[in-house]
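**Q** Below is a structure I'd like to ask you about.
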Amino acid sequence: MNEKELQSYLAEASRDVEQALDRLLPMRQISPEAAIYFAMRYSLFGGGKRLRPALFFAALEACGAKRDAYLDVAAALEMIHTASLIHDDMPEMDDDDLRRGRPSCHKVYGPAMALLAGDGLFIHAFAVLSRPLPGAAPERQLAAVREIALRSGLGGMVAGQAAEWDNMTRPVDQGLLEYISRGKTSALLIAAVKAAGLLAGADGEKLQALDDYGLHAGLAFQIIDDVLDVEGDDATLGKPAGSDEERGLVTFASLLGCDEARRQAEAEAEAAVAALAVFGAEADTLRAFPPFFVSRRH
């Protein structure tokens, strides 16, 4: 699959997941709590590549399942990701005024409502995930939900963010930086592909392959994110460029230099693709993502 075909795949996945999101989180304009729906939907429908749902769909296909029965799971993954972005942008965290090319949630609705919007999306995601799925055996659904919960919380994303914040004033080497990135970035990618494998009934060898794939793909993505923060601009990135340096944050770009960081990102992308050796041509869509992560400009 070439990049043009992948872009078409991403557009189709985005349409599917946005329809599911609109159904799962409809607007309530006449209610005392209407503002929280405005804030949640403002961030949820503010653009973005919908990479995690797309990876989830591609992993389902690699494991011989179809997406239609699992659209709600893909939507829940996007809710969790969006919730993390709302919280990341807040003054107490990254204090970023832009997200996806427009004002961050807290700049439009205030920090208190943004905090509640992030909380609401996180919690609603698991309410959605806990609904019976007609296409999945209950034990498979439970395993997938548990995987997403672990990777979203202390087994991944939240732990990675906490490690980053707790070490901001200490010397950070590459080992610690990789540990942080495995949590804050790789974890939710692993959750997306591994949850798909669990729902589809993949065997242990394929589940481990998906785990390894998500780990390396996430590192490739994060390394390039760090490089783009140095080399990009606000308009292209849709968020403030140079914010990592402004906050004194140690990144792959600042630690290794942009050229070496790009070489390491390429190596991680190659490792991600190599992890899929147990799959055949049915995983070709998954194989297309890591090179795209490295070549992207935003």
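Any read-out appearing in this document is the output of simple, stated calculations on the displayed coordinates, not a laboratory observation. Values in this document were obtained by computation on a predicted structure and should not be read as measured data. All Cβ positions, glycine included, derive from the backbone under ideal geometry; neighbour counts span all protein chains shown.
**Q** Separation of the range 149-212 and the range 72-91 by C-alpha centroid, Å?
**A** About 15 Å separates the Cα centre of the range 149-212 from the one of the range 72-91.
**Q** At 7 Å along the Cα-to-beta-carbon direction for both Ser31 and Arg102, put a label point, then send me their distance in nm to one decimal.
**A** 2.1 nm
**Q** Could you work out how much longer the chain between Ser8 and Ala127 gets when fully extended? Use 0.36 nm per residue separation minus the Cα distance between them, nm to one decimal. Working shown, then result.
**A** Values: separation 119, 0.36 × 119 = 42.84 nm, distance 3.06 nm.
Between Ser8 and Ala127, full extension yields 39.8 nm more.
**Q** Residues of the range 1-22 with amide nitrogen under 13 Å from the 7 Å Cα-to-Cβ point of Ser295?
**A** Answer for this model: 1-8.
**Q** Filter the DSSP H helices in the chain by two things, a Kyte-Doolittle mean of at least -1.0 and an axial alpha-carbon span of 30 angstrom or more, and list the hits by number.
**A** On the way: long enough: 3-24 (31 Å, -0.86); 204-231 (40 Å, 0.13).
Qualifying helices: 3-24, 204-231.
**Q** With springs connecting C-alpha atoms under 10 Å apart, model the chain as a Gaussian network and identify which of Gln19, Gln141, Gln29 has the largest mean-square fluctuation.
**A** Looking only at Gln19, Gln141, Gln29, the largest GNM fluctuation is found for Gln29.
**Q** If you place +1 on the Cβ of every Lys and Arg and -1 on the Cβ of every Asp and Glu, how big does the dipole about the Cα centre of the range 3-295 come out, in debye to the nearest 20?
**A** Numbers: 28 positive and 45 negative charges, 231 e Å.
Dipole magnitude for the range 3-295 comes out near 1100 debye.
**Q** Does the range 6-77 classify as rounded, prolate or oblate by the C-alpha gyration tensor (a ≥ b ≥ c root eigenvalues; a/c under 1.5 gives rounded; else a/b over b/c gives prolate, otherwise oblate)? Numbers along the way, then the final one.
**A** Details: a/c = 3.29, a/b = 2.12, b/c = 1.55.
It is prolate, given that a/c is not under 1.5 and a/b is the larger ratio.
**Q** Which is the longest run of the chain containing none of the GluC sites (Glu not before Pro) found in DSSP loop states (not H, G, I, E, B) with at most 13 other C-beta atoms within 10 Å?
**A** On the way: sites that count: Glu33, Glu92.
Here the longest segment lacking exposed loop sites spans 93-298.
**Q** Say each of Val278 and Gln208 gets a label point 7 Å from the Cα, pointing the same way as Cα to Cβ; how far apart are those two points in nm?
**A** Roughly 0.6 nm, to one decimal.
**Q** Right, next: Return the single residue from Leu60, Leu116, Leu188 with maximal mean-square fluctuation; model: Gaussian network over the chain, springs between Cα atoms under 10 Å.
**A** Leu116
**Q** Roughly how many nanometres apart are two label points built 7 Å out from the Cα toward the Cβ at Asp173 and Glu231?
**A** Result for the modelled spin labels: 2.8 nm.
**Q** Mind checking the range 47-100 for trypsin sites (Lys or Arg not before Pro) that DSSP puts in a loop (not H, G, I, E or B) and that have at most 14 other Cβ atoms within 10 Å? Before the final figure, lay out the partial values.
**A** Values: sites: Lys49, Arg50, Lys66, Arg67, Arg99, Arg100; in loops: Lys49, Arg50, Lys66, Arg67, Arg100.
Taking the range 47-100 and a limit of 14 other Cβ atoms within 10 Å, the loop trypsin sites (Lys or Arg not before Pro) found are Lys66.
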